[in-house]
Amino acid sequence: MSFDVSKFMERVIAKNPAEPEFHQAVQEVISSLAPFVDANPRYQKDALLERMVEPERVVSFRVPWVDDQGQVQVNRGYRVQFNSAIGPYKGGCRFSPKVTLGTLKFLGFEQTFKNSLTGLPMGGGKGGADFDGVGKSDAEVMRFCQAFISELFRHIGPDTDVPAGDLGVGGREIGYMFGQYKKLVNRYEGVLTGKGLQFGGSLGRTEATGYGVIYFADHMLKRAGLGGIEGKTVALSGAGNVGCYLIENVNRMGGKCVTVADPFGFVYVPSGITEEHLEFLKPLWAVYRRPIKDFAEKYGFEYREGHRAWEVPCDVACPTATQNELDGEDAKRLLNNGCKAVVEGANMPSTLEAIEIFHDAGILFSPGKASNAGGVAVSGMEMSQNSERYSWTKEEVIGKLQQVMFNIHETCVEYGKKPDGTVNYVNGANIGGFVKVAEAMIAQGIV
Ligand code: GLU
């Protein structure tokens, strides 16, 4: 009997009401999988797909902390331990007032496939809290992180669940969480990734996500006969960690990036963002918490307030901000401006409508679970280094990252190749990520 996507989605929506992002993530994966599981009925047995869309465990907890005025604040923390078939749960923590359980379920679900694609032994998980770090003092951020870990520590561990950063969680927050974890368990272990280099972090972790997106883009463009990143004009929608290192790698590979952005607007630099500009941009948010407008003012560049970067001419577009930041209208604008490839550098940044528009137009499109996997891949390498109590050189790490991105691209081609020779990277990533997890689940029985 052929697999019925609508019936399946009806059940998912009924069981997980008011979680539209989770529905969207499941819809995208299940639509890719339907023809594949029709051709391979073993994957429809024993409610395998039903089990895959149900997190193994969800923890939700109170995070009380005291602000600088002596007032008690109460946030809600979560950890979604989605799937541990191929390794310990692994995935970042997001701190943002927009965080809901539904957001973290979508992210944990995506992470399961992304981590599988890296080829490393990592399951899928995601966590976070509805905490807004903007405008908080350093001491407040520290007290919050300590309170968050004071509950979470009992649910994580280097062989159980290894959180990391995500939006709103960078090196500073990871440091505070690691310190509190170590104090509580009295063990020095690799429980978090993205740590400082002095206490178990991996060289190359900071660069990994942004570099990885561009290594992947280069493979896509070359395979399609479009000549790689060299000479290409790239537009992107961030200026944080992913954005800055993405620009650095584009420059290294002979292309140019013409935009940087934050939630309030974007800066247009038609001549391309240089190394000198990057020196200014790297600490702009990470250290000084300043808006992107400062960059425009410092160098006299055009700042388009309230606009998104998708309105400028470019060959390659890299959404690097957040979910659903690129919609159908943006997609049409990009096509009208000559865009040839959209390579996602965030989790689910394109809406389903936008993806359909790209596919219909026949341009290259890569989902974040493939092209954005470089960060978690190097997190996996950080885990390996922590286990062997040894540090690899940056060249070693970046070399392995390049290999991982190459392998992910090959997997997408293997599972997403169409009869006309072109590749549907959405299908390729979803099916390629699925097979390994599915095989492990089948082998491990109904658990
Ligand atoms: N938050 C990143 C992601 O979405 C990194 C996760 C990690 O390093 O574990 O993949």
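The values are calculated or read from the model by the stated rules, or taken from the named source; none is laboratory data. On a predicted model such as this, the values are computed, not experimentally measured, just so you know. Here the Cβ positions follow ideal geometry from the backbone for every residue, glycine too, while neighbour counts run over all protein chains shown. All accessible areas refer to the heavy atoms of the entire protein, side chains included, with ligands and DNA or RNA removed. Shrake-Rupley method; radii C 1.70, N 1.55, O 1.52, S 1.80 Å.
Structure data summary
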| item | result |
| --- | --- |
| Share of pairwise Cα separations in region 291-427, more than 27 Å, in percent | 35 percent |
| Hull-based mean projected area of region 226-349, where the convex hull spans the alpha carbons, in square nanometres | 6.9 nm² |
| Using a Förster distance of 45 Å, the FRET efficiency for residue 4-residue 159 (Cβ separation, nearest 0.05) | 0.70 |
| Added length on full extension, which subtracts the Cα-Cα distance from 0.36 nm per residue, residue 199 to residue 186 | 3.2 nm |
| With all protein chains modelled, accessible area of residue 418 [1.4 Å, Å²] | 90 Å² |
| Length gained when the stretch residue 288-residue 305 is fully extended (0.36 nm per residue, less Cα-Cα span) | 4.1 nm |
| Rg/Rg_globular for region 318-365, with Rg_globular taken as 2.2 N^0.38 Å and Rg from C-alpha atoms | 0.98 |
| Estimated FRET transfer efficiency when R0 is 25 angstrom, pair residue 274-residue 335 (beta carbons, to 0.05) | 0.30 |
| Size of charge dipole - the chain - debye, nearest 20, with Cβ of Lys, Arg +1 and Asp, Glu -1, no other charges | 880 debye |
| Cα point-scatterer Debye curve for region 1-153, base-10 log of I(q)/I(0) at q = 0.21 Å⁻¹ | -1.29 |
| Sequence of 122, 253 when ordered by accessible area, the most exposed leading, probe 1.4 angstrom | 253, 122 |
| Region 213-293: trypsin sites (Lys or Arg not before Pro) in DSSP loop, at most 14 other beta carbons within 10 Å | 289 |
| Principal axes of region 69-180: Cα extent on each, largest first, Å | 47, 26, 21 |
| Mean accessible surface per residue for region 183-243, computed with a 1.4 Å probe while every protein chain stays in place, in Å² | 38 Å² |
| Alpha carbon centroid spacing (whole Å) that separates region 1-75 from region 212-247 | 30 Å |
| Euclidean distance between Cα centres, region 258-277 to region 367-419, Å | 28 Å |
| Shape category assigned to region 1-89 from the gyration tensor of Cα positions, a/c cut at 1.5 | prolate |
| Number of Lys pairs (Cα under 25 Å; 8 or more positions apart or on different chains) in region 288-447 | 15 |
| Lys pairs, region 1-122 - Cα-Cα below 23 angstrom, 8 or more residues apart or on other chains | 11 |
| Accessible-area ranking of 285, 392, largest first, probe 1.4 Å | 285, 392 |
| Share antiparallel - DSSP beta bridges, the chain, percent rounded to 5 | 60 percent |
| Taking all pairs of distinct alpha-carbon atoms in region 273-330, Kirkwood radius in angstrom | 13.3 Å |
| Whole-number percent relative contact order across the chain, with pairs defined as alpha carbons under 8 Å at least 6 apart | 15 percent |
| nm² value of the averaged projected area, convex hull over the Cα atoms of region 146-289 | 10.5 nm² |
| Computed accessible area, residue 390, all protein chains, 1.4 angstrom probe, square angstrom | 150 Å² |
| Carbon and sulfur %, accessible surface of the chain computed with the full protein complex present, 1.4 Å | 51 percent |
| Percentage of interatomic Cα-Cα distances in the chain larger than 30 Å | 41 percent |
| Whole-percent pair-distance distribution, where bins are 5 Å wide, for the alpha carbons of region 358-444 | 3, 13, 19, 19, 16, 14, 9, 5, 2, 1 |
| Rounded to 5, percent antiparallel among DSSP beta bridges of region 199-358 | 50 percent |
| Residue pairs, from the table 126/222; 195/222; 195/282, whose Cα atoms sit over 26 Å apart | 126/222; 195/222 |
